Every structure is written in structure tokens, then in C-alpha cells.
Amino acid sequence: MRYGRIFPAHWRAALMSMVLPGFGQLANGRPNRAIWLFLAFALISVPLMSWLAIRLPQAMTLPALVSSLAAALGIWSYSIVDAWRDARHRPRAPRQVWQTGGVYALVFLTCNALILPVLVSYVRGHQVASWRIPSSSMAPAILRGDVLFADMSYNCPGCDHAVERGDVAIFTYPNDRTLVYVKRVIGLPGDRVRITGKRVWVNRLALGDAPADDGTASERIDGRQWLADWGDTEGAELDLTVPPGMVFVLGDNRGNSKDSRHFGSVPLRDVAGRARQVWFSMAPGGAVRWSRLGQAIH
């Protein structure tokens, strides 16, 4: 019994495109169509929408990335259907010299082990990265269990965004470079930062009034505004000038945050990203916080 009768060519082509978009078109002897389908899938699913997401308004980050996923799945589905139809209805062409198992294996490994990982690595390092928050040091802006998108085209030569006061920044922890922290930038190089009790001044301007009875205080700087929670902490006494090439950071949850009050200023070169939007959130007990999905971080 012939192999083609056991496993028809059109089903084989469809399954190959299911494994990798464009792979079935390659089996059908259409390399040009295979290349274009794979490139469309790879570029739309990874870098294109990520590039758009960090340039759209902050609240549009999640919708843009969801649209990217939908478009990528659409291209993948089209590739499967197109490979099936082409193999079923097109007259069977003579097998090309390059249509061998070795060539198929090489193409598959190149796409899955080289091209796609490189694209994903580039996007995570230079466009958008996802981070899960394991602590409550930035509450109430960011809660423990939040999973957020961060703009990684930030604080680098040629990047659109420089570090500004009030940014919620992603940076390498100075005392352990295997850890990544998220805190709010309070002072830039040359700024004078003073903390007296539960109030913060930057360049002699108070960020806010004394906390209310519940320990919370509304703070603002350079047009940014957020809620700080001092809790029942005793506050601190600190007066310094931020050194050149450094930034001073604080957690919004002042009573439960290890920040520049403890480990000093952070090198600017270690600030890698800016938190933009929560795309998923799960409370410590396992319940999904539906109201936080899509919430922009200010």
C-alpha cells in the first residue's frame, strides 16, 4: 500500500503548517509563499505589535498585544488551511531536488531554535517584557501577584524615553545583580532629596502633605501623582544629593519597602525598563483580580 494513501499529502501539508507556519507550503513546493507566511507570523507575533504597544497611549499596551496575538493566530490558521487546500486541489508537481527530510529538518530547527528565539530575546530586551511582582513594596500602584508589561525601550542611547522623576522603574538590585526590583524614581542626578519623618522633599519642594491617620499620603512631582503608604513606620531622617549617574528610588509602600533608604542610590545604567500596565493579577489566595486587568501604572 502506498504511503500517500495512508497519509494523504494534503493532511501532511496541513500538519506541517500546524507545527510551523509556512512549513506545509514548503512541502507543497512553494518556498516563496512559505517564507512570506513565516515572516508575517514571526514579525507580527513578536516585534511589530510590541513596537506599537510602547508607542501607543499607556492604556493601549494590553489591547495592542492581544491584537498581535490574534493576528498571529490568524496567520497560523490561514497557513494550515492554505497548505491543505493547495495540496488537495493543485495538480501534484514533480518532487523538487531540495524536498528532502534533511532540508525540512534544517528549516524547522533554524526557525524554531534560531530565528524565533532571537526575535523573542530582542523584544524582551529592547521592546516589551513581562514581569511578575512577588512583593507589596509598590502597593497600592502595583500589588503582590500583579503581572505587568514594562517598556524596555527606556534609558538607552537612541531610546524614546529618558528616566524622569515619578517613573515606576525596573532596575537591577545593586547588592545582588541576579535580582530585579521595581521602585519609583524620586530623585535624578544632582537632586537634593530630604526625608524627615514621613515627608519627602526634592530640591526643597515637598512631594506631599503629612500622611493622613491611615498612613497614606498623596504625592506628586513633575506632573505625576501617586499614593504613598507609610503605614505605622516611624519614618526616617535623610538628607543627600543624588550622585552623578545615579537615581534615588522609593517604594510606594514606604513601611514595607527596601529602597534607596537602605541600599543607596541606583546607577542609571542599571535602570532597564518602565512599568506600563498590569495584564494579569492574582491575589495570594489564588483569586484572579479581574478589575486590575489592563490597569495602567502611573
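The values are calculated or read from the model by the stated rules, or taken from the named source; none is laboratory data. In this text, all values refer to a predicted model and were calculated from it rather than measured experimentally. Glycine gets a Cβ as well: all are built from the backbone with ideal geometry, and neighbour counts include every protein chain shown.
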_Residue under question is R194, and the condition is that it be of a type outside the set (G, A, S), touching a residue at least 60 places away in the same chain (Cβ under 8 Å) and over 22 Å from F171 (Cα atoms); does it hold?_
no
*asked:* Name the residue that is nearest to L52 (Cα to Cα), counting only residues in the stretch 144-193 that are among the basic types (K, R) and out of contact with any strand residue (DSSP E or B) (no Cβ under 6 Å at 6 or more places or on another chain).
replied: R144
*Which ones in the stretch 82-111 are modelled with pLDDT of 85 or more and loosely packed, with under 13 Cβ neighbours inside 10 Å?*
G102, A105, L106, L109, T110
*Answer yes or no as to whether P134 is free of Cβ contacts under 8 Å to residues at least 12 places away in the same chain and assigned to a loop (DSSP other than H, G, I, E, B).*
yes
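Being surrounded by 20 or more Cβ atoms within 10 Å (Cβ to Cβ) and either of a type in the set (S, T, Y) or not assigned by TED's automatic domain parsing to the domain that holds R276 (or both) is the requirement here; does G22 meet it? Don't jump to the end; show me each part of the working.
On the way: surrounded by 20 or more Cβ atoms within 10 Å (Cβ to Cβ): yes; either of a type in the set (S, T, Y) or not assigned by TED's automatic domain parsing to the domain that holds R276 (or both): yes.
Answer is yes for this residue.
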_Condition first: touching a Pro at 6+ places or on another chain (Cβ under 9 Å), among the hydroxyl-bearing types (S, T, Y) and either free of Cβ contacts under 8 Å to residues at least 24 places away in the same chain or part of a helix (DSSP H, G or I) (or both). Can you find one or more residues in the stretch 94-116 that meet it?_
no
*So which of S121, S135 ends up being modelled with pLDDT under 85 and either exposed (fewer than 12 other Cβ atoms within 10 Å of the Cβ) or in the same structural domain as E219 (by TED's automatic domain parsing) (or both)?*
S121
_Residues that are β-branched (V, I, T) and at pLDDT 95 or above: does the stretch 224-239 have at least one?_
no
*Here is a list of conditions, (1) surrounded by 23 or more Cβ atoms within 10 Å (Cβ to Cβ); (2) of a type in the set (A, V, I, L, M); (3) more than 22 Å from R220 (Cα to Cα), and I142 meets all of them except one; can you say which number that is?*
(3)
